[in-house]
Amino acid sequence: MFRYLTAGESHGPALVGILDGLPAHLELDAPAIDAALRARQGGYGRGGRMKIETDRVEFLAGVRGSVTLGSPIAVVVRNADFENNRALMDPLTGGGKPLTNPRPGHTDYAGAMKYRQRDLRNVLERASARETAMRVALGAICAQFLEALGIRTFAYVERIGPVVAAPPRDLDRERIAASEVRCADPEAEEKMIAAIDAAKAAGDTLGGAYVVHVTGVPAGIGANRQPDTRLDGVLAGALMAMQTVKSVEVGAGNEVAALPGSQAHDIFTLGEGGGVARPSNRAGGIEGGISNGQDIVLRASVKPIPTLMKALPSVNLHEGTVAPASIVRSDVCVVPAASLVGEAMVRLALTGPILEKFGGDSLDETRDNMRRAVAAAAELFEPATLRAER
Ligand code: EPS
């Protein structure tokens with residue numbers, strides 16, 4: 001079984017992660033993992049923390065000579081900001097003045113109730129999106145496994161606040177990666193940047209939406225055996241399990257609720273080289289909880305960051321008085337960064353079902369199994385096979 005775990009407080013010494021169940025003999029490109037971490041730190045609308053950190057992955061276990069051993073992979077990303085917060089956050093001696101005014105929309109209040117914490121810092125340290133740096137590191141390792149099987153993920157921003165980009169005609173990865181808001185539409189990009197500037201000037205924050213697009217997933221990943229084996233549930237659950245995400249759509253998503261069946265589904269036609277073709281992909285590559293061989297397309301909508309510089313109304317829980325919400329250093333807009341965390345979550349969430357389908361304790365074994373399974377599936381309805389059966 002493939003699984004992963006992360007630990008780490010935002011201003012503690014480090015973020016740590018364990019990936020268990022990746023096959024042996026995967027050659028890892030550590031600079032590419034660091035590049036993914038650097039990309040997550042970027043994007044227009046980020047705050048002061050990103051100037052302090054230069055995230056880099058350190059391997060502690062599971063890898064020798066940059067090649068996976070099949071044993072659990074353990075990694076660390078250090079928090080440079082720990083040095084500025086040692087008195088507050090040292091695991092053995094840390095402490096300080098409590099934070100008392102919960103931010104509406106943040107974990108502060110619900111977490112305080114859950115863990116019986118009178119200091120909201122004890123909640124916000126783990127709730128902080130700083131933790132997503134480790135998800136991106138682990139996701140970047142999975143990306144290298146998936147790419148070895150011909151599966152690629154890609155994320156781009158579709159909306160920031162009220163500004164919506166035109167649907168991209170092709171996935172121009174370089175253009176999107178070069179965009180400060182990870183948006184393919186230059187006109188929308190300009191408006192998005194202006195919207196972030198306006199929100200910042202007003203002491204406000206902005207949410208938005210992003211798309212994660214996956215190519216190369218063969219048909220037959222995921223299962224309709226049980227509710228928790230369905231691929232759409234697994235992937236949507238992974239995206240919902242992000243700090244900012246409030247809704248997830250698969251393919252055309254919410255749009256199909258308004259369409260009649262005659263327009264909502266992707267018809268079958270005969271493919272030119274044999275087999276079937278699908279002229280559209282409203283299902284987003286998943287039917288009945290199983291991948292159908294088309295690209296997998298997922299959209300996540302993201303709330304605005306709950307820390308506003310013009311603080312929202314709240315209360316002081318210690319004094320029982322009305323008081324503005326706590327202001328801690330934060331960002332104005334994290335949608336571009338969130339799109340990369342979403343991409344990492346999809347990479348992590350896809351790896352398990354891929355390994356469940358093809359198995360393998362070494363990369364070659366997984367690859368051979370996949371090749372055989374894909375070839376057998378392609379032959380299943382070949383006219384020649386059908387003739388032989390008759
Ligand atoms: C973030 C790290 C955090 C915030 C932000 C994202 O660091 P700090 O709290 O030290 O500024 O910048 O997190 C939030 C906005 C949040 O509400 O948690 C990161 O690494 O992405």
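The values are calculated or read from the model by the stated rules, or taken from the named source; none is laboratory data. Everything quoted here is computed from the prediction, not taken from an experiment. Positions of Cβ are generated from backbone atoms using ideal geometry, with glycine treated the same way; all protein chains shown enter the neighbour counts.
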Practice task
Tell me, please, whether a residue that is surrounded by 19 or more Cβ atoms within 10 Å (Cβ to Cβ) and charged (D, E, K, R) can be found in region 79-96.
Solution key: no
Exercise for the section: Just need a number here: residues in region 28-42 that are touching a helix residue (DSSP H, G or I) at 6+ places or on another chain (Cβ under 7 Å) and buried (at least 17 other Cβ atoms within 10 Å of the Cβ). Expected result: 7
Completion exercise
The residue from Ala219, Ala198, Ala202 that alone is hydrophobic (A, V, I, L, M, F, W, C) and more than 20 Å from Gly47 (Cα to Cα) is Ala219
Exercise for the section: Name the one entry in Ala80, Ala61, Ala36, Ala30 that is touching a Gly at 6+ places or on another chain (Cβ under 8 Å), small (Gly, Ala, Ser) and either within 16 Å of the ligand (Cβ to nearest atom) or on the phi < 0 side of the Ramachandran plot (or both). Expected result: Ala36
Exercise for the section: Working only within region 186-210, note down all residues that are part of a helix (DSSP H, G or I), surrounded by 17 or more Cβ atoms within 10 Å (Cβ to Cβ) and of a type outside the set (Asp, Glu). Expected result: Ala188, Lys191, Met192, Ile193, Ala195, Ile196, Ala199, Lys200
Practice task
Would you check which residues across region 291-333 are among the hydrophobic types (A, V, I, L, M, F, W, C), buried (at least 18 other Cβ atoms within 10 Å of the Cβ) and not in a loop (DSSP other than H, G, I, E, B) and list them?
Solution key: Ile296, Val297, Leu298, Ala300, Val302, Cys333
Handout entry: Qualifying position, being under 18 Å from Ile221 (Cα atoms), assigned to a helix (DSSP H, G or I), in contact (Cβ under 8 Å) with a residue 60 or more places away in the chain and within 16 Å of the ligand (Cβ to nearest atom), among Met345, Met370
Key = Met345
Exercise for the section: Enumerate the pairs (first residue in region 151-172 and closer than 19 Å to Asp295 by Cα and free of Cβ contacts under 8 Å to residues at least 60 places away in the same chain; second residue anywhere and of a type in the set (Ser, Thr, Tyr) and crowded, with 22+ Cβ neighbours inside 10 Å) with beta-carbon separation below 8 Å, excluding pairs fewer than 6 apart on the same chain, so at least 6 apart or on different chains. Expected result: Pro168/Tyr156; Leu171/Tyr156
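Let's see how each residue does on (1) within 16 Å of the ligand (Cβ to nearest atom); (2) modelled with pLDDT of 95 or more; (3) more than 23 Å from Leu350 (Cα to Cα):
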{"position": "Asp119", "(1), (2), (3)": "yes, yes, yes"}
{"position": "Val136", "(1), (2), (3)": "yes, yes, no"}
{"position": "Ala140", "(1), (2), (3)": "yes, yes, no"}
{"position": "Val163", "(1), (2), (3)": "no, yes, yes"}
{"position": "Pro167", "(1), (2), (3)": "no, no, yes"}
{"position": "Ala194", "(1), (2), (3)": "no, yes, yes"}
{"position": "Asp204", "(1), (2), (3)": "yes, yes, yes"}
{"position": "Val214", "(1), (2), (3)": "no, yes, no"}
Exercise for the section: Would you confirm whether any residue within region 148-165 is buried (at least 22 other Cβ atoms within 10 Å of the Cβ), in contact with an Asp or Glu (Cβ under 6 Å, 6 or more places away or on another chain) and not in a strand (DSSP E or B)? Expected result: yes
Handout entry: All positions within region 121-132 that are of a type outside the set (Val, Ile, Thr) and within 12 Å of the ligand (Cβ to nearest atom)
Key = Arg121, Leu124, Glu125, Arg126, Ala127, Ser128, Ala129, Arg130, Glu131
Exercise for the section: Confirm whether Gly293 is without any contact (Cβ under 8 Å) to a residue 12 or more places away in the chain and more than 16 Å from the ligand (Cβ to nearest atom). Expected result: no
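Condition check ((1) among the charged types (D, E, K, R); (2) over 20 Å from the mean Cα position of the chain (by Cα); (3) under 23 Å from Val136 (Cβ atoms)) across all residues:
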position	(1), (2), (3)
Asp266	yes, yes, no
Gly288	no, yes, no
Ser301	no, no, yes
Pro306	no, no, yes
Ala311	no, yes, no
Glu343	yes, no, yes
Arg367	yes, yes, no
Exercise for the section: Using the structure shown, decide if Ala277 is out of contact with any helix residue (DSSP H, G or I) (no Cβ under 7 Å at 6 or more places or on another chain), more than 29 Å from Gly139 (Cα to Cα), modelled with pLDDT under 95 and away from the ligand (no atom under 16 Å from the Cβ). Expected result: yes
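If I ask for residues that are hydroxyl-bearing (Ser, Thr, Tyr) and in contact with a strand residue (DSSP E or B) (Cβ under 7 Å, 6 or more places away or on another chain), which ones from region 93-126 would you list?
Within region 93-126, Thr100 is the sole residue that qualifies.
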